[in-house]
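Following: one structure in structure tokens, then a few remarks.
None of the figures in this text is laboratory data; all of them are computed from the coordinates on show. It should be emphasised that the depicted structure is a prediction, and the values quoted were computed from it without experimental measurement. Using ideal geometry, Cβ is built from the backbone for each residue, glycine included, and neighbour counts are taken over all protein chains shown.
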Amino acid sequence: NEGFVWWHSIPGSDQRVSGPKQTRDRIINLVVGSLTSLLILVTLISAFVFPQLPPKPLNIFFAVCISLISITACILIYWYRQGDLEPKFRNLIYYILFSIIMLCICANLYFHDVGK
């Protein structure tokens with residue numbers, strides 16, 4: 001079991017990448033995954049709590065959209081870890097995670113009325 005870290009298969013073989021590259025990739029995956037998960041959690045909590053209770057419908061809509069995009073990213077990560085996707089899809093997963101991070105930042109700025 002590899003935990004929450006993605007692994008790469010070498011095209012045309014059943015061997016996994018090992019050595020320093022695998023260690024570096026594991027660290028990158030853990031940092032990006034942890035940062036994204038933490039930011040999603042903070043955003044979902046903020047959507048329901050800020051600026052006051054009961055939450056605004058637009059905040060709930062924002063939270064639902066972020067959740068749906070996050071589920072899609074989780075499915076891609078799962079397929080990638082199972083070996084169903086080629087290693088080139090790793091960059092697409094990173095792009096999607098970066099987009100989620102930017103969307104969470106935007107949502108939190110909106111929830112907390114920054115810039116008004």
Legend entry - Local net charge near PRO51, Cβ-Cβ under 14 Å (Lys/Arg +1, Asp/Glu -1): +1
Inset, instruction - Between beta-carbons, use under 14 Å as the cut-off and find the net charge around ALA107, counting Lys and Arg +1, Asp and Glu -1. - result: 0
Legend entry - Modelled FRET efficiency - R0 35 Å, MET102 with GLN22, Cβ distances, 0.05 increments: 0.80
Inset, instruction - Quick one: net charge around LEU92, please, counting Lys, Arg +1 and Asp, Glu -1 for every other residue with C-beta under 14 Å from its C-beta. - result: 0
